[in-house]
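Trainee: Shown below is the structure under consideration.
The values are calculated or read from the model by the stated rules, or taken from the named source; none is laboratory data. Only a predicted model underlies this, so the values are computations on that prediction, with no experimental measurement involved. Quick reminder, even Gly has a Cβ in these numbers, built from the backbone with ideal geometry, and neighbours come from all protein chains shown. Remember, those area values only see protein heavy atoms, side chains included, never the ligands or the DNA or RNA. Shrake-Rupley method; radii C 1.70, N 1.55, O 1.52, S 1.80 Å.
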Amino acid sequence: MKKLCCICAALLLLTACGQEKSPADASGSEPPAAGQGQAASSGQMAPVENVVEADMVPIYGGSLKDGTYAIAVDSSSPMFKIESCELNVKSGRMTAVMRMGGKGYLSVFMGTGEAATRDAEIPFREDGAGNHTFTVPVEALDKGISCAAFSKNKELWYDRTLVFRADSLPLDAFQEGVYPTAVSLGLADGSYTVEMELSGGSGKASVRSPAALRVEDGAAYVTVVWSSSNYDYMRLGEERFFPVQTEGNSTFEIPVPVFDRRLTVYADTTAMSTPHEIEYALRFDSGTIRSAP
(Lines give C-alpha, C1' and ligand atoms only; values in the text may rest on other atoms or scores of the structure.)
Protein backbone atom coordinates (compact mmCIF):
# COMPACT_ATOMS: atom_id res chain seq x y z
CA MET A 1 0.00 0.00 0.00
CA LYS A 2 2.84 2.41 0.84
CA LYS A 3 4.45 1.67 -2.55
CA LEU A 4 1.19 2.48 -4.36
CA CYS A 5 0.80 5.76 -2.47
CA CYS A 6 4.31 6.78 -3.41
CA ILE A 7 3.57 6.13 -7.09
CA CYS A 8 0.35 8.18 -6.91
CA ALA A 9 2.15 11.04 -5.23
CA ALA A 10 4.80 11.04 -7.95
CA LEU A 11 2.15 11.12 -10.68
CA LEU A 12 0.38 14.02 -9.01
CA LEU A 13 3.64 15.93 -8.77
CA LEU A 14 4.41 15.41 -12.45
CA THR A 15 0.92 16.52 -13.42
CA ALA A 16 1.20 19.67 -11.36
CA CYS A 17 4.56 20.52 -12.90
CA GLY A 18 3.15 20.03 -16.36
CA GLN A 19 0.32 22.44 -15.63
CA GLU A 20 2.57 25.15 -14.30
CA LYS A 21 5.16 25.21 -17.06
CA SER A 22 4.49 26.14 -20.67
CA PRO A 23 6.84 25.07 -23.49
CA ALA A 24 8.35 28.55 -23.40
CA ASP A 25 8.95 28.28 -19.67
CA ALA A 26 10.54 24.88 -20.09
CA SER A 27 13.02 26.17 -22.63
CA GLY A 28 13.66 29.34 -20.70
CA SER A 29 13.02 31.53 -23.80
CA GLU A 30 10.20 33.71 -25.10
CA PRO A 31 7.82 32.28 -27.73
CA PRO A 32 8.72 33.29 -31.28
CA ALA A 33 7.35 36.50 -32.80
CA ALA A 34 4.06 36.08 -34.64
CA GLY A 35 5.61 36.35 -38.07
CA GLN A 36 8.76 34.32 -37.70
CA GLY A 37 8.53 31.15 -39.75
CA GLN A 38 4.76 31.49 -40.10
CA ALA A 39 4.27 32.95 -43.58
CA ALA A 40 1.61 31.25 -45.69
CA SER A 41 2.85 29.51 -48.81
CA SER A 42 1.46 30.35 -52.23
CA GLY A 43 -0.56 27.14 -52.11
CA GLN A 44 -2.25 28.29 -48.91
CA MET A 45 -3.37 31.62 -50.37
CA ALA A 46 -6.33 32.50 -52.56
CA PRO A 47 -5.57 33.62 -56.13
CA VAL A 48 -4.05 37.09 -56.24
CA GLU A 49 -4.68 39.96 -58.64
CA ASN A 50 -2.05 42.28 -60.09
CA VAL A 51 -3.15 45.71 -58.87
CA VAL A 52 -0.09 47.63 -60.09
CA GLU A 53 -0.84 49.08 -63.52
CA ALA A 54 1.88 49.54 -66.12
CA ASP A 55 1.41 53.30 -66.52
CA MET A 56 1.44 54.10 -62.80
CA VAL A 57 4.02 56.65 -61.62
CA PRO A 58 4.59 56.78 -57.83
CA ILE A 59 3.48 59.98 -56.12
CA TYR A 60 5.17 60.80 -52.82
CA GLY A 61 3.94 62.81 -49.87
CA GLY A 62 5.72 65.99 -50.90
CA SER A 63 3.40 66.24 -53.91
CA LEU A 64 0.32 66.54 -51.69
CA LYS A 65 -1.05 69.32 -49.54
CA ASP A 66 -1.43 68.69 -45.82
CA GLY A 67 -4.87 67.35 -45.01
CA THR A 68 -7.09 64.33 -44.56
CA TYR A 69 -8.62 62.67 -47.61
CA ALA A 70 -10.81 59.68 -48.36
CA ILE A 71 -8.79 57.41 -50.67
CA ALA A 72 -9.44 54.18 -52.58
CA VAL A 73 -7.11 51.25 -51.95
CA ASP A 74 -6.72 48.27 -54.28
CA SER A 75 -5.81 44.97 -52.63
CA SER A 76 -4.27 42.03 -54.47
CA SER A 77 -6.50 39.64 -52.51
CA PRO A 78 -10.29 39.64 -52.09
CA MET A 79 -9.66 38.07 -48.67
CA PHE A 80 -8.12 41.35 -47.47
CA LYS A 81 -11.07 43.66 -48.00
CA ILE A 82 -10.69 47.33 -47.14
CA GLU A 83 -14.11 48.92 -46.68
CA SER A 84 -12.83 52.49 -46.49
CA CYS A 85 -9.57 54.33 -46.00
CA GLU A 86 -8.53 57.76 -44.79
CA LEU A 87 -5.22 59.26 -45.91
CA ASN A 88 -3.48 61.74 -43.62
CA VAL A 89 -0.76 64.01 -45.06
CA LYS A 90 1.46 66.17 -42.90
CA SER A 91 4.76 67.78 -43.89
CA GLY A 92 5.30 65.32 -46.72
CA ARG A 93 4.60 62.19 -44.66
CA MET A 94 1.59 59.98 -45.31
CA THR A 95 -0.29 57.55 -43.10
CA ALA A 96 -3.56 55.77 -43.74
CA VAL A 97 -6.29 54.40 -41.51
CA MET A 98 -7.70 51.30 -43.20
CA ARG A 99 -11.14 50.17 -42.06
CA MET A 100 -11.51 46.46 -42.72
CA GLY A 101 -14.52 44.50 -43.87
CA GLY A 102 -14.11 41.90 -41.12
CA LYS A 103 -12.28 40.97 -37.93
CA GLY A 104 -10.19 38.08 -39.22
CA TYR A 105 -6.80 39.81 -39.05
CA LEU A 106 -5.07 40.69 -35.79
CA SER A 107 -2.13 42.67 -37.13
CA VAL A 108 -0.36 43.79 -40.28
CA PHE A 109 3.29 44.25 -41.21
CA MET A 110 4.49 46.57 -43.95
CA GLY A 111 6.58 44.03 -45.79
CA THR A 112 6.46 40.30 -46.43
CA GLY A 113 5.29 37.71 -43.93
CA GLU A 114 8.72 36.09 -43.83
CA ALA A 115 10.26 39.37 -42.67
CA ALA A 116 7.58 40.16 -40.07
CA THR A 117 8.74 40.76 -36.51
CA ARG A 118 6.79 41.41 -33.33
CA ASP A 119 8.38 44.81 -32.80
CA ALA A 120 7.30 46.07 -36.24
CA GLU A 121 3.84 44.54 -36.53
CA ILE A 122 0.86 46.91 -36.34
CA PRO A 123 -2.01 45.58 -34.18
CA PHE A 124 -5.64 46.27 -34.96
CA ARG A 125 -7.70 48.90 -33.24
CA GLU A 126 -11.48 48.96 -33.01
CA ASP A 127 -13.41 51.96 -34.23
CA GLY A 128 -16.65 53.15 -32.67
CA ALA A 129 -18.60 50.50 -34.57
CA GLY A 130 -16.31 47.68 -33.47
CA ASN A 131 -14.60 47.30 -36.85
CA HIS A 132 -10.91 46.44 -37.07
CA THR A 133 -8.74 49.29 -38.32
CA PHE A 134 -5.02 49.51 -39.05
CA THR A 135 -3.02 52.74 -39.16
CA VAL A 136 -0.12 52.22 -41.56
CA PRO A 137 2.63 54.33 -43.16
CA VAL A 138 2.21 54.99 -46.88
CA GLU A 139 5.44 55.23 -48.86
CA ALA A 140 3.81 56.47 -52.06
CA LEU A 141 0.55 56.54 -53.97
CA ASP A 142 0.20 54.59 -57.24
CA LYS A 143 2.88 52.14 -56.13
CA GLY A 144 2.63 48.49 -55.08
CA ILE A 145 3.25 48.29 -51.32
CA SER A 146 3.86 44.96 -49.59
CA CYS A 147 1.62 44.34 -46.59
CA ALA A 148 1.40 41.03 -44.70
CA ALA A 149 -1.71 40.33 -42.63
CA PHE A 150 -1.77 37.92 -39.68
CA SER A 151 -4.85 35.68 -39.70
CA LYS A 152 -6.58 35.09 -36.37
CA ASN A 153 -7.89 31.66 -37.39
CA LYS A 154 -4.95 30.30 -39.40
CA GLU A 155 -2.19 31.94 -37.31
CA LEU A 156 -0.26 32.62 -40.52
CA TRP A 157 0.95 35.75 -42.28
CA TYR A 158 -0.64 36.29 -45.69
CA ASP A 159 1.20 38.47 -48.20
CA ARG A 160 -0.79 41.21 -49.93
CA THR A 161 0.01 44.07 -52.30
CA LEU A 162 -1.76 47.37 -51.74
CA VAL A 163 -2.06 50.36 -54.09
CA PHE A 164 -3.30 53.66 -52.65
CA ARG A 165 -4.86 55.26 -55.70
CA ALA A 166 -3.92 58.86 -56.51
CA ASP A 167 -6.80 59.19 -58.97
CA SER A 168 -9.32 58.80 -56.14
CA LEU A 169 -8.15 62.05 -54.51
CA PRO A 170 -9.55 65.46 -55.48
CA LEU A 171 -7.31 67.53 -57.72
CA ASP A 172 -6.99 70.25 -55.09
CA ALA A 173 -5.23 67.75 -52.81
CA PHE A 174 -2.12 67.99 -55.01
CA GLN A 175 0.58 70.60 -55.07
CA GLU A 176 0.67 72.75 -58.18
CA GLY A 177 2.66 71.20 -61.01
CA VAL A 178 2.19 67.54 -60.08
CA TYR A 179 0.05 66.97 -63.18
CA PRO A 180 0.60 68.86 -66.46
CA THR A 181 -2.02 71.31 -67.68
CA ALA A 182 -2.48 73.13 -70.98
CA VAL A 183 -0.72 76.13 -69.44
CA SER A 184 2.23 74.19 -67.99
CA LEU A 185 2.66 72.40 -71.33
CA GLY A 186 2.76 75.75 -73.11
CA LEU A 187 -0.13 74.92 -75.43
CA ALA A 188 -1.18 77.96 -77.42
CA ASP A 189 -4.82 78.47 -78.27
CA GLY A 190 -5.71 76.24 -81.19
CA SER A 191 -6.62 72.72 -82.31
CA TYR A 192 -4.73 69.55 -81.41
CA THR A 193 -5.17 65.79 -81.10
CA VAL A 194 -4.43 63.62 -78.08
CA GLU A 195 -4.46 59.89 -77.33
CA MET A 196 -7.35 59.08 -74.96
CA GLU A 197 -7.61 55.88 -72.89
CA LEU A 198 -10.94 54.62 -71.53
CA SER A 199 -11.35 52.23 -68.60
CA GLY A 200 -14.25 51.10 -66.43
CA GLY A 201 -17.77 50.09 -67.31
CA SER A 202 -18.45 46.63 -68.72
CA GLY A 203 -15.68 46.87 -71.28
CA LYS A 204 -18.10 46.88 -74.20
CA ALA A 205 -17.98 50.63 -74.89
CA SER A 206 -15.06 52.43 -76.50
CA VAL A 207 -14.09 55.97 -77.45
CA ARG A 208 -12.39 57.33 -80.56
CA SER A 209 -8.67 57.95 -80.16
CA PRO A 210 -6.81 60.13 -81.01
CA ALA A 211 -9.42 62.65 -79.93
CA ALA A 212 -9.83 66.27 -80.98
CA LEU A 213 -8.38 68.66 -78.40
CA ARG A 214 -9.19 72.37 -78.29
CA VAL A 215 -7.31 74.98 -76.26
CA GLU A 216 -8.91 78.34 -75.59
CA ASP A 217 -7.66 80.98 -73.13
CA GLY A 218 -5.35 78.40 -71.56
CA ALA A 219 -8.14 75.87 -70.91
CA ALA A 220 -8.28 72.50 -72.69
CA TYR A 221 -11.38 70.72 -73.97
CA VAL A 222 -11.58 67.26 -75.56
CA THR A 223 -14.21 65.81 -77.89
CA VAL A 224 -15.34 62.38 -76.70
CA VAL A 225 -16.89 60.26 -79.47
CA TRP A 226 -18.42 57.05 -78.11
CA SER A 227 -18.90 53.79 -79.97
CA SER A 228 -22.60 53.96 -79.05
CA SER A 229 -25.41 56.41 -79.71
CA ASN A 230 -27.13 55.61 -76.40
CA TYR A 231 -25.54 58.17 -74.06
CA ASP A 232 -27.67 61.24 -73.39
CA TYR A 233 -25.27 63.09 -71.09
CA MET A 234 -21.86 62.90 -69.41
CA ARG A 235 -21.10 64.13 -65.91
CA LEU A 236 -17.90 65.38 -64.26
CA GLY A 237 -18.48 65.98 -60.59
CA GLU A 238 -21.84 67.72 -60.42
CA GLU A 239 -21.65 69.30 -63.88
CA ARG A 240 -23.48 67.68 -66.79
CA PHE A 241 -22.49 67.89 -70.45
CA PHE A 242 -24.91 67.16 -73.28
CA PRO A 243 -24.27 65.88 -76.83
CA VAL A 244 -22.91 68.32 -79.38
CA GLN A 245 -24.60 66.41 -82.23
CA THR A 246 -28.12 65.18 -82.98
CA GLU A 247 -27.29 62.12 -85.11
CA GLY A 248 -24.74 59.33 -85.05
CA ASN A 249 -22.63 58.22 -82.12
CA SER A 250 -22.92 60.11 -78.84
CA THR A 251 -20.40 62.98 -78.89
CA PHE A 252 -19.53 65.38 -76.07
CA GLU A 253 -17.02 68.13 -75.45
CA ILE A 254 -15.71 68.10 -71.87
CA PRO A 255 -12.94 70.03 -70.07
CA VAL A 256 -9.52 68.50 -69.44
CA PRO A 257 -8.28 69.95 -66.13
CA VAL A 258 -5.03 67.92 -66.20
CA PHE A 259 -3.25 65.39 -68.36
CA ASP A 260 -1.61 62.05 -67.43
CA ARG A 261 -4.14 61.28 -64.69
CA ARG A 262 -7.34 59.26 -64.79
CA LEU A 263 -10.37 61.51 -64.81
CA THR A 264 -13.52 59.95 -63.36
CA VAL A 265 -16.55 60.58 -65.55
CA TYR A 266 -20.09 59.25 -65.68
CA ALA A 267 -22.07 58.56 -68.84
CA ASP A 268 -25.82 58.08 -68.73
CA THR A 269 -26.99 55.25 -71.00
CA THR A 270 -30.47 54.86 -72.39
CA ALA A 271 -29.82 51.37 -73.76
CA MET A 272 -31.35 49.65 -70.72
CA SER A 273 -35.00 49.53 -69.67
CA THR A 274 -34.33 52.57 -67.48
CA PRO A 275 -31.51 55.11 -67.99
CA HIS A 276 -28.63 54.88 -65.55
CA GLU A 277 -25.15 56.29 -65.11
CA ILE A 278 -22.04 54.19 -65.73
CA GLU A 279 -18.73 55.15 -64.16
CA TYR A 280 -15.70 55.37 -66.47
CA ALA A 281 -12.22 56.83 -66.34
CA LEU A 282 -10.52 58.78 -69.11
CA ARG A 283 -6.79 59.45 -69.31
CA PHE A 284 -5.20 61.92 -71.73
CA ASP A 285 -1.54 61.29 -72.56
CA SER A 286 0.35 64.59 -72.73
CA GLY A 287 3.17 62.94 -74.66
CA THR A 288 0.84 62.31 -77.60
CA ILE A 289 -0.46 65.86 -78.11
CA ARG A 290 -0.03 66.95 -81.74
CA SER A 291 -1.17 69.99 -83.70
CA ALA A 292 -4.27 69.16 -85.69
CA PRO A 293 -3.69 68.92 -89.46
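Trainee: Any chance you could give the angle, 0 to 90 degrees and rounded to 10, that helix 2-20 forms with the longest Cα principal axis of the chain?
Mentor: 20 degrees
Trainee: Averaged across orientations, what area in nm² does the convex hull of the alpha carbons in region 219-271 project?
Mentor: Details: hull surface 15.6 nm².
In nm², the orientation-averaged hull projection of region 219-271 is 3.9.
Trainee: Give me the one-decimal Kirkwood hydrodynamic radius in Å for region 88-135, with the sum taken over alpha-carbon pairs.
Mentor: On the way: mean 1/r = 0.0835 Å⁻¹.
Evaluated over region 88-135, this radius sits at 12.0 Å.
Trainee: Using R₀ = 30 Å, calculate the FRET efficiency as 1/(1 + (r/R₀)^6) where r is the Cβ-Cβ separation of residue 232 and residue 290; round to 0.05.
Mentor: On the way: r = 31 Å, r/R0 = 1.04.
E between residue 232 and residue 290, to the nearest 0.05, is 0.45.
Trainee: Let me ask something else. Please list 57, 73, 265 in order of solvent-accessible area, largest first, computed with a 1.4 Å probe with all protein chains present. If you can, show how the numbers build up before the last one.
Mentor: Numbers: 57 100, 73 25, 265 0 Å².
Highest to lowest solvent-accessible surface, that is 57, 73, 265.
Trainee: On a 31 Å Cα-Cα criterion, which of the cross-link pairs 152/204; 103/143; 65/154; 90/152 come out too long?
Mentor: Violating the 31 Å Cα-Cα cut-off are 152/204; 65/154; 90/152.
Trainee: Ok, one more. Just reorder 266, 60 by solvent-accessible area, largest first, 1.4 Å probe, all chains present. The partial results should precede the final answer.
Mentor: Details: 266 60, 60 105 Å².
My answer, sorted largest first, is 60, 266.
Trainee: Which of 173, 163, 207 sits closest to the plus end of the dipole of region 154-271, meaning its Cα is farthest towards the positive end, when Lys and Arg get +1 and Asp and Glu get -1 on the C-beta?
Mentor: In region 154-271, that residue is 163.
Trainee: For region 46-116, give the magnitude of the charge dipole about the Cα centre (Cβ charges: +1 Lys/Arg, -1 Asp/Glu; no others), in debye to the nearest 20. Could the numbers behind the result be given before it?
Mentor: Numbers: 6 positive and 8 negative charges, 73 e Å.
Charge dipole of region 46-116: 360 debye, to the nearest 20.
Trainee: Let me ask you something else. Averaged over every viewing direction, what's the projected area of the C-alpha convex hull for region 241-293? Give it in nm², one decimal, please. Each step should come with its number before you reach the end.
Mentor: Numbers: hull surface 20.6 nm².
For region 241-293, the mean projected area of the Cα convex hull comes to 5.2 nm².
Trainee: Considering the Cα positions of region 189-260, please state its Rg to one decimal place and its Dmax as a whole number of Å.
Mentor: 12.3, 36
Trainee: When the chain is treated as a GNM, springs tying every alpha-carbon pair under 10 Å, which of 255, 275, 180 comes out with the largest mean-square fluctuation?
Mentor: Residue with maximal mean-square fluctuation among 255, 275, 180: 275.
Trainee: On average, how much accessible surface per residue is there in region 69-124, in Å², for a 1.4 Å probe, leaving out ligands, DNA and RNA?
Mentor: Numbers: 2920 Å² over 56 residues.
Averaged over the residues of region 69-124, the accessible area is 52 Å².
Trainee: While we're here: Mind giving me the FRET efficiency for residue 65 and residue 97? R0 is 25 Å, r the Cβ-Cβ distance, nearest 0.05 is fine. Walk me through the numbers on the way to the answer.
Mentor: On the way: r = 18 Å, r/R0 = 0.74.
Efficiency, rounded to the nearest 0.05: 0.85.
Trainee: Taking only Cα atoms of region 75-221, what ratio of Rg to Rh do you get with Rh as the Kirkwood inverse-distance radius?
Mentor: Details: Rg = 20.6 Å, Rh = 18.5 Å.
Rg divided by Rh gives 1.11.
Trainee: Roughly how many Å² of residue 285 are accessible to a 1.4 Å probe, to the nearest 10?
Mentor: Estimated to the nearest 10 Å², residue 285 gives 60 Å².
Trainee: Run the accessible area of the chain with a 1.4 Å probe and give the carbon-and-sulfur part as a rounded percent.
Mentor: Working: 8610 of 16550 Å².
Heavy-atom surface of the chain belonging to carbon and sulfur, 1.4 Å probe: 52 percent.
Trainee: Note the per residue figure in Å³ for the convex hull of the C-alpha positions in region 160-293. Present the calculation step by step, with values, prior to reporting the outcome.
Mentor: Values: hull volume 18.8 nm³, N = 134.
Roughly 140 Å³ of hull volume per residue.
Trainee: What distance in nm separates the two pseudo spin-label positions at residue 264 and residue 216, each 7 Å out from Cα along the beta-carbon direction?
Mentor: Result for the modelled spin labels: 2.9 nm.
Trainee: Follow-up. Using a simple charge model, +1 on the beta-carbon of Lys and Arg, -1 on the beta-carbon of Asp and Glu, nothing else, what dipole does the chain show about its Cα centre, in debye to the nearest 20? Numbers along the way, then the final one.
Mentor: Details: 25 positive and 37 negative charges, 283 e Å.
Rounded to the nearest 20 debye, it is 1360 debye.
Trainee: With no solvent and one equal point scatterer per Cα, compute the Debye intensity ratio I(q)/I(0) for the chain at 0.07, 0.11, 0.13 Å⁻¹ and report its log10, rounded to two decimals.
Mentor: -0.42, -0.81, -1.01
Trainee: At a probe size of 1.4 Å, how large is the accessible area of residue 247, to the nearest 10 Å²?
Mentor: Only protein atoms counted, so the area is about 150 Å².
Trainee: Another question about this same structure. Under 18 Å from a point 7 Å along the Cα-to-Cβ line of residue 41: which residues of region 142-173 have their amide N that close?
Mentor: 154-159
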